[in-house]
Structure formats: structure tokens, C-alpha cells
Amino acid sequence: MTVRTIRTEENNRKDGYYKGGFFAFLCGTALMGVLLGTISFCLSEGDFLKGLGLAQADFIQSRKAMDYAQIMVSSFSGATAFLAAAFICGLCAVGQPLGLCILLVRGMGLGLTLAQLYSAYGKSGMLYSAGLVLPGAAVSTLALVFAVREAVSLSNIYLRISLSGRQENGLLDTVRLYGAKFLVLISALAASAGIDCLCNFLFIRYF
């Protein structure tokens, strides 16, 4: 049993697939993006903050005006853009840094949004803001973390093959599995869009 476990772990490393610690690292990257977004808001100049405040006011007002189908489409399409970028990174031998950048950008957007809502509505409104934004964002960001993990894994395989002098078999089965996993993640994004609709129903009345 021990020998089999060791061989499995060795095969995972050879295939560019990392578990446990690497997944935690990707989650930390997304959280670092949230922190950077918050710090960026705090250090921004007045004109930028004014423009951002107007954008967030428009966000709240548009959420009030939207029906649930529009919220669903808006939330799903925005998250799917990040997922599509991660998918493309996985098909490139040097897509690993871009995958990490995707998580950073996603986190920064969330950090900016939360910081601005706190600035605009204060401590009392922050609870409602968190309830409106965080649940759906948490699900979609977690799905994106899984997506980047798979993308980095496949990208590592392409890189290993590119740098190897040996003849390698095709990756058709691997790419098919890769695509199937992303279809599952698209379902997770649809669920996060549904959560956004539910949160909008529960919390938008407080703005």
C-alpha cells in the first residue's frame, strides 16, 4: 500500500499536478489580491475614489433595477470571462504566471468593491454589503482557484513535453478530461450566479 501511494504521488508530480499545499497557495494568492485591492483603495487619490464611488453607486442602482434573469446573466458572464482566461492558460506551456495573475486580478476586484462599499455605507451597511457581494463571489472565486490549479497542471505537462528530448504520446485524453473538469466548473459558476440572485433578493432592500 505504501509503495503504491509513493508511486501515485510521483506520477502526480511528473504530470504537473499538485495537491494540498499548492491549492492552499492558490487560495492565498486570491486572498492576497483581495488585500491588494483593499490597500489600493485606501491609497488612491480623491479623483479616483470619486469615480469609483460613482461606479459602485451605479452598481447598487443597477442591481435594484435589474430583474433576476439579468442579474443571473451579468454575474455568470463576468465570472465565465475569468474561467475562459484560465482555460486558455492551461493550453500554453508558459501559462502558469498568467494563471496566478488571474487570481490576483479577481481578488483585487473583490477587495476594491468591498472597501468602497464600506467607505460608502459605513459599518452598518458593511454587513449588508458583505451579504450582497461575498457569498456568490466566494463560490465563483473558489471555482476559479480550482480552474487555475487544473490550468497550471496542464501547462506544466506541456512545458515538460516541450523541454523533453523524448518522443511523447498525444494528450488527447488529458485535454478531454481537462475540458470536462471545466464544464463542471461552469456549473459551479451558474450556482454562484444563482446565489447572487438570492443575495440580491435578501439584501438589496437595505440600500
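The values are calculated or read from the model by the stated rules, or taken from the named source; none is laboratory data. Model, not experiment: these values are computed from the prediction. Using ideal geometry, Cβ is built from the backbone for each residue, glycine included, and neighbour counts are taken over all protein chains shown. Keep in mind that these areas ignore ligands, DNA and RNA; they rest on the heavy atoms of the full protein, side chains included. Shrake-Rupley method; radii C 1.70, N 1.55, O 1.52, S 1.80 Å.
Which residue is farthest from A65 (Cα to Cα), if the candidates are limited to the stretch 180-207 and must be of a type outside the set (A, V, I, L, M) and loosely packed, with under 13 Cβ neighbours inside 10 Å?
My answer is S187.
State all residues of the stretch 67-107 that are within 18 Å of R160 (Cα to Cα) and either part of a loop (DSSP other than H, G, I, E, B) or open to solvent by less than 70 Å² (accessible area, probe 1.4 Å) (or both); if no residue qualifies, say none.
Within the stretch 67-107, C89, G90, L91, C92, A93, V94, G95, Q96, G99 meet the criteria.
Taking the condition surrounded by fewer than 17 Cβ atoms within 10 Å (Cβ to Cβ), in contact (Cβ under 8 Å) with a residue 40 or more places away in the chain and more than 17 Å from the chain's Cα centre (by Cα), does G122 pass?
Against the criterion (surrounded by fewer than 17 Cβ atoms within 10 Å (Cβ to Cβ), in contact (Cβ under 8 Å) with a residue 40 or more places away in the chain and more than 17 Å from the chain's Cα centre (by Cα)), G122 does not qualify.
Quick check on the stretch 35-53. Is at least one of its residues within 23 Å of A137 (Cα to Cα), at pLDDT 90 or above, in a helix (DSSP H, G or I) and not acidic (D, E)?
Among the residues of the stretch 35-53, at least one is within 23 Å of A137 (Cα to Cα), at pLDDT 90 or above, in a helix (DSSP H, G or I) and not acidic (D, E), which makes the answer yes.
Identify the single condition in (1) of a type outside the set (D, E); (2) at positive phi; (3) assigned to a loop (DSSP other than H, G, I, E, B) that G122 does not satisfy, given that it satisfies every other one.
(3)
For T113, are the conditions met, namely being buried (at least 18 other Cβ atoms within 10 Å of the Cβ), polar (S, T, N, Q) and either under 11 Å from the mean Cα position of the chain (by Cα) or modelled with pLDDT under 95 (or both)?
Here the answer is yes, as T113 does meet what is asked.
On the given criteria, is Y17 at pLDDT below 80, surrounded by 13 or more Cβ atoms within 10 Å (Cβ to Cβ), assigned to a loop (DSSP other than H, G, I, E, B) and not aliphatic (A, V, I, L, M)?
Here the answer is yes, as Y17 does meet what is asked.
Can you confirm whether G170 is over 18 Å from the mean Cα position of the chain (by Cα) and assigned to a loop (DSSP other than H, G, I, E, B)?
yes
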